[in-house]
Amino acid sequence: MIIHSGVRRFGTARGAGSSGPYRLATLAPVLLLVGLFTVFPFVYAAVTSTHKVLLTLPGQTPFVGLKNYLDVLADGSTQIAVRNTAVFTGLTVPCVTVLGLLVALLLNQPIRGFGVLRALVLLPWAIPLVSAGIIWRLLLHGDFGALNGLLLQVGAVHSYVPWLSSPHLAMYAVIVAHVWREFPLPAILFLAGLQVIPGDVADASTVDGARAWARLRYVTLPYLRGPLLIVLVYETMISISVFDLVYVLTGGGPGTATSLFSWYAYAASFTFLNLGQGAALSFIMAATLLGLIVAYLRIVRVGEDEV
Amino acid sequence: MRFRRPLVVQATGPRDSAEGNEGIRMLTIDELVNSAAAGRIGRREFVKRALLAGVSAPAALALLEACSQGNQGGTGGPVHLNFMVWSYGVETIQDNIKNFEQKNKGTTVTVQDTSWFQYHDTMATKFSGGAAPDVAYSSDHWLREWVAAGWIVPLDKYASDLAAYKNEWAPYALQGMTLDNHVYGLPYYADLVIFIYNEKLIKQAGFDKPPANWEELSTQAKALRDKGISQYPIDIPMKKDDPWTIEIFYSMVYSRGGHMFDQSNSPVFNKPGSEAEQALQWLRDSYVSKNLDPAVLESAEPDVVKTMGAGQHVYTVLAKYNLAELNGGQHEQKGNFRMALMPGSTNSTVGFVRFYAMSKAAVDRNHTQAADQFLQYFGGKTSGQYVVAKRWALEKGLGFAQLPLYDDPEIQKSINAWGSVELEKKQAKVAAPKEGLTPWWGTWDVYAREQITSAVVGSVSPKQALQNMATKWQSLKQ
C-alpha cells in the first residue's frame, strides 16, 4: 500500500516534469550558465579569431577571415612552439603513464604500511601547479638551487649546473617537474583498475605457469584498458595545454627553448596584445586535442575488436 | 555635506568576540558615508545603521543616493580609488595611502599589487577586461602602448600643478612620460642603469679601479676566475620575463657610443658591425668563456642582488637603487659595493622613469578630481615638499626625477652612505631615455629579449638575432 502510494506520487511528479514549461524552467539555469560560460566565450573567440584585434589599436577590428590562422601557422615562433610541444608531450605522456602504472603495481602489493603510502603518493598532484613550479624553480636554480647544493656535496658535480638556463636541460627540467606533478593521478586510476581484477584469474594464470611479464601482458593490461584510455586522453590534453608550470618555471626560456603551444597562445594574447592571433592559436590547439582524442578512441576500439 | 554628530555605533572587534560590546565605538555620518563609499558596508547595512540612529528612511535613502552620486559623479563627495602597483615596498605604499587618506577625508584607496615580471600582462588583462584601476604604476616601457590602447589619459587636463613640476624633473624622466607634447604621469621614481662592482674582491685580484670598457671587464673577470676569487665574475639579470634585460642591453649599446634606433624610429641595431652587435657578441663571448654566469638566463634582478651580496659574483649592471640594497641590506658582502661609470667610450646609459598614471576608467567614473589629488600627493608636492619621492629615496634608495631633491642635505647624506651623489650626477649627465618608444615597442621588447637570450646561449648568432629583431620591428610597425 505504501509502495503503491509512493509509485503514484512518483508518477505524478514525472507527469508534471514532462510538461514543456516545467522542463524549460528547470533546465534554464543550467542552459544559462552553459551559454554564458561555454557557448558565448567559444563563439566570441571564434569571431575574434577572424578579426584583426590588436589591443593597441582599439576600435579598428576589421574582418580578416582566416588570415590570423595563416599568419600564425607561417610564423617561425609557432613552429618552434609546436616542435617543443610535440617533444614535451611525446616524452611526458609515456613517462607519466609508465611511472603511474609501476607505482600502482607496487601499491597493489599486500604490504603493511602501503595504505598510508597510497595517500601520500597523491601529494604532488594535490599541490597547486604554480606552487609546484616555484618549488622546482628553487630546487633547480643554477645559482642557489637545492639540487645543485646536494649534487655538489656528494661530489656528483664540480660546479653548479644551469638546469634552467641551458636550452637542452631546461626542457628536461620542465618535463621532470611535469611528470612528478602528474604521475599520482594515473597511479590511483591504475590502482583502482588493478583492485577489480578477479583474484582467481590471476591465480589461474600463475597455476598455468605464466611468468610475471606474461601475467602483466595477458591478464593485467587487458583489465586496465579503460583506465589506460582515460590516462592517455587526459595526460595528452594536459601536456598539450600545460601553461602554469612553464609560466612559473622558465617563462618559456631560455630563448624559446621551453616555449610550449599554450604558453605561446597566452603570450600572443596578453604579451603581444594580439587577441585575434591568440584566439586563432587557441582554436588550433583545441582542434589538435580533438583530433588526438578521436585517434585514441579509434585505436582503443580497434584493440577491443582484436581482443 | 559634512556631519559631526555621533550617529551610529560600530563593533570594531571580531564578530565572535567574547568581549561582547566592549569593542564598540561611535561613528559620525562622515565615517558612515566613507564606509559606504569604500564598499565596507552595503546599502542595506547603511540604511539600517542610519535608521538606528534616528534618521528617517527617506532621509537615509537620500543620503545613500548622494553618497552614491558622490562616489561616481566626482561632485566632491566620497570617492573610492583603485590603485594598481607592482610588488615593491607594499607596506610603504600602504602607509603612504593611509597618510593620503588622512589628508583627503573624502577619498579612500585600495591598493592591489602584482609581480613586476607579470605587470604588463596583468594590466593588459585588467584594462581590456573592464577591471581597470583608477590610478596605476606605469613605465616609459609601455607609455606609447597604453596611450594607443586608450587605457591612460594625459594629465595636462586633470593635474593642476603639472606645469610647475615639469621644470624640476630630470629631462630623461620628463621625456619618458611625454607623448605628443602631453604628459601622462607624475614620477614614482626615476633612476639610472649603472655598473656595480665589488671593490674588495677586485682589489683582492690586484685591480685598483673598475674597468673602463667592456674589453677591460673581460680581462678583469678572467683574472678573478684564474685566481679562484669567483667562478663566474659577471652576473646580469637576463631572465626572459624580466623587463630589465632590455634596459641593460640598451645601456651596453649606449655606453659604446651606439644607438638602437635613429630619429625616425628605424632600427640601426642590425647594421653590420653596429655597437648592438658588438654588445651582443660580447655577451655571447662572456657566456662561452664563463666570465658570465651561465645561470643569468634564469636570473632576475632579485636573484642577482642575492648572489652578488653573497660574493658569488663581482660585477653587474642593475638599476641604481640596488646599490642601496647591496650596501645596506643583510648581505655577506654588505658595504663592499661601488658604482662606476658605465664601461665604454661614452659611459652613457639608460635613464628611465616609472610613473603614476590616471586611467581612462577614472575619467569614465568621474574620479578625476580624487585621482588628481592622489597623483599630486604621491608624485608631486605636499606643503612644498616632495614627501613621497623623498621617503622612497631615504628608505629604499630609489632615484628621483625631482632634481631639487639632490640639494636636500638629508638626501645627500643618505645617498652618500651607500653610493655617491657626485658620481650619480655625472652618470645622469650622460644618461639617455630608451630609443624607439612607439606603441609597438612593448611588444617588440618581449620578442627582443627572447632573441637576446637566444643569442647568448648560442641558439642563433648575434647577427641573426639582431636581424630577427629588426624584422619583427618592421612587421609590428606595419
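None of the figures in this text is laboratory data; all of them are computed from the coordinates on show. Remember, predicted model here, so these are calculated numbers, not experimental data. Neighbour counts run over all protein chains shown; Cβ positions are idealised from the backbone, glycine included.
Note on A:PHE144, A:PHE40: ascending count of other Cβ atoms within 10 Å places them as A:PHE40, A:PHE144, the fewest first. Taking every C-alpha pair closer than 8 Å and separated by at least 6 residues, the mean separation divided by the residue count of segment A:65-306 gives a relative contact order of 28 percent.
Taking the square roots of 5 times each eigenvalue of the Cα gyration tensor of segment B:153-221, largest first, gives ellipsoid semi-axes of 43, 12, 8 Å. Across segment B:106-249, the relative contact order, built from alpha-carbon pairs under 8 Å that are at least six residues apart, equals 17 percent.
Pairs of Cα atoms nearer than 8 Å and 6+ residues apart set the relative contact order; for segment A:81-197 it is 41 percent. Residues whose amide H comes within less than 5 Å of that of B:ILE236, counting only those at least five positions distant or on another chain, are B:ASP293 (H built at 1.01 Å from N in the peptide plane).
The alpha carbon radius of gyration of segment B:209-357, expressed as a multiple of 2.2 N^0.38 Å, is 1.05. Per-peptide packing, taken as the mean over residues of other Cβ atoms within 10 Å, places A:262-271, B:204-213 in the sequence A:262-271, B:204-213 from highest down. Once every Cα of the protein assembly as shown carries one equal point scatterer and solvent is ignored, give the base-10 log of I(q)/I(0) from the Debye formula at q = 0.08, 0.11 Å⁻¹, two decimals. Values, matching the q order: -0.85, -1.31. A simple rule links phi to the HN-Hα coupling: the Karplus curve 6.51 cos²θ - 1.76 cosθ + 1.60 with θ = phi - 60°, which for segment A:87-99 gives 4, 4, 5, x, 8, 6, 4, x, 4, 5, 5, 5, 4 Hz, with x for Gly and Pro. Here the convex hull built on the C-alpha positions of segment B:190-238 has a volume of 94 cubic angstrom per residue.
Report, as an integer, the average count of C-beta atoms from other chains found within 10 Å of each Cβ along B:141-147. Kindly include the intermediate steps, with their values, before the conclusion.
Details: counts 0, 0, 0, 1, 3, 2, 1.
Partner-chain Cβ atoms within 10 Å, mean over residues of B:141-147: 1.
By counting other Cβ atoms within 10 Å of each Cβ, how are B:ASP262, B:ASP113 ranked from fewest to most? Walk me through the numbers on the way to the answer.
Values: B:ASP262 11, B:ASP113 18.
Ordered from fewest to most neighbouring Cβ atoms within 10 Å, B:ASP262, B:ASP113 come out as B:ASP262, B:ASP113.
Peptide A:162-172 has a mean shielding of 4, counted as Cβ atoms of other protein chains within 10 Å of each residue's Cβ. Legend: P(r) of segment A:93-232 from all alpha carbon pair distances, 10 Å bins from 0, whole percents, reading 11, 31, 28, 18, 10, 2. For segment B:299-371, the fraction of C-alpha pairs farther apart than 13 angstrom is 72 percent. Working note: 222 nm ellipticity from helices only, DSSP H runs with n ≥ 4, each -39,500 (n - 2.57), summed and divided by the residues of chain A, gives -22000 deg cm²/dmol to the nearest 500. For chain A, the share of alpha carbon pairs falling in successive 20 Å distance bins from zero is 24, 45, 28, 4, 0 percent.
Each of B:ARG225, A:ARG301 was scored by other Cβ atoms within 10 Å of its Cβ. Listed from fewest to most, they are A:ARG301, B:ARG225. The mean count of C-beta atoms from other chains within 10 Å of the C-beta of residues in B:452-460, rounded to a whole number, is 4. FRET efficiency for the pair A:SER19 and A:ALA46, taken as 1/(1 + (r/R0)^6) with r the Cβ-Cβ distance and R0 = 22 Å, rounds to 0.05. Here's how it looks for B:ASN213: its modeled amide H is under 5 Å from those of B:GLY344, which are all 5 or more places away or on a different chain.
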